[in-house]
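**Student:** Before I ask anything, let me first share the structure, which is written out below as structure tokens.
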Amino acid sequence: MKIARPTKFAHVVYRTRRLKEMLAWYAAVFDAHVQYQNPALAFLTYDDEHHRLAFADMSVIAPNSTGTDKSDAIGIDHVAYTYASLGDLLENYSALKEKGITPYWCVHHGITVSMYYADPDGNQIEFQVDRCGSGDEATDFMNTNWGDNPVGVEYDPDELLSGYRAGTPETDLLSFYNGGPVSPLRGTIENLIAI
């Protein structure tokens, strides 16, 4: 089975204990603006994408940890790539699964349907497909729906793949986010919270 290629680089997520300074620096360097922010998370963009840069404030997420510069607690959390369609994302999941490569977290973020993978060194990669039709629609969703659940809702990729292959329209498959139940964080952040 052929591996689908992403259509674009989507975003990078940083873990920091200097949120205010990081936001100011990236806003200045990229002429970016905040799309959504709560005490723990901030999402910025510099173009029509819903977010190009995201920041997780580890002083809120893991307040009992120490070390401003500890490399495993501060730095890049993951990079994200966008696929052209949900079908491409799901068929790519199937092709990778045949090779023994499976995601550690499948979550509908409201603005994207995402699958998170870890490479052999533990670097985290998000493969996603946009649910919203435009950056403005995604920004509106972030500002009106993320207050209670900015993380998202977990899903079973095999169930979604089965629905896709059975002919369920992609618009129906993309719309299952309903604001609950909130998924626990997975990956590096999950491990850091336990510190």
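The values are calculated or read from the model by the stated rules, or taken from the named source; none is laboratory data. This one's a predicted model, so the numbers in the text were calculated from it and none came from an experiment. With ideal geometry, Cβ positions are generated from the backbone for all residues, glycine too; neighbour counts draw on all protein chains shown.
**Student:** Every residue in region 153-162 that is outside any helix (DSSP H, G or I) and either touching a residue at least 60 places away in the same chain (Cβ under 8 Å) or among the hydroxyl-bearing types (S, T, Y) (or both), please.
**Tutor:** As a first pass, look at region 153-162 and keep what is outside any helix (DSSP H, G or I): 153-156.
Across region 153-162, the qualifying residue is only Y155.
**Student:** Which of the residues belonging to region 128-140 are under 16 Å from the mean Cα position of the chain (by Cα) and in contact (Cβ under 8 Å) with a residue 60 or more places away in the chain?
**Tutor:** Of the residues in region 128-140, the ones under 16 Å from the mean Cα position of the chain (by Cα) are 128-132, 135, 138-139.
The answer is Q128, D130, C132, G135, A138, T139.
**Student:** List every residue pair whose Cβ atoms lie under 6 Å apart, where the two residues are 6 or more positions apart in sequence or sit on different chains, the first residue falls within region 73-97 and is under 24 Å from D172 (Cβ atoms) and touching a residue at least 60 places away in the same chain (Cβ under 8 Å), and the second residue, located anywhere, is β-branched (V, I, T) and surrounded by 19 or more Cβ atoms within 10 Å (Cβ to Cβ).
**Tutor:** Y83/V129; L86/V129; L89/V129
**Student:** Any idea which residue in region 184-195 is farthest from the chain's Cα centre (by Cα), counting only those that are in a loop (DSSP other than H, G, I, E, B) and at pLDDT 70 or above?
**Tutor:** Residues of region 184-195 that are in a loop (DSSP other than H, G, I, E, B), as a first pass: 184-187, 194-195.
Okay, now just the ones that are also at pLDDT 70 or above, so 184-187.
On the way: P184: 13, L185: 11, R186: 11, G187: 11 Å.
For region 184-195, the residue satisfying everything is P184.
**Student:** Another question about this same structure. Going by what's in this entry, would E98 be described as among the acidic types (D, E), modelled with pLDDT of 90 or more and surrounded by fewer than 17 Cβ atoms within 10 Å (Cβ to Cβ)? Before the answer, list the steps.
**Tutor:** Details: among the acidic types (D, E): yes; modelled with pLDDT of 90 or more: yes; surrounded by fewer than 17 Cβ atoms within 10 Å (Cβ to Cβ): yes.
Against the criterion (among the acidic types (D, E), modelled with pLDDT of 90 or more and surrounded by fewer than 17 Cβ atoms within 10 Å (Cβ to Cβ)), E98 qualifies.
Yes or no, residue by residue, for (1) of a type in the set (S, T, N, Q); (2) part of a helix (DSSP H, G or I); (3) at pLDDT below 90; (4) over 15 Å from V113 (Cα atoms):
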| position | (1), (2), (3), (4) |
| --- | --- |
| D136 | no, yes, yes, yes |
| V151 | no, no, yes, no |
| Y164 | no, yes, no, no |
| G167 | no, no, no, yes |
| V182 | no, no, yes, no |
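**Student:** For region 101-152, enumerate the residues that are surrounded by 15 or more Cβ atoms within 10 Å (Cβ to Cβ) and small (G, A, S).
**Tutor:** Answer for region 101-152, where residues must be surrounded by 15 or more Cβ atoms within 10 Å (Cβ to Cβ) and small (G, A, S): G110, S114, A118, G135, A138, G152.
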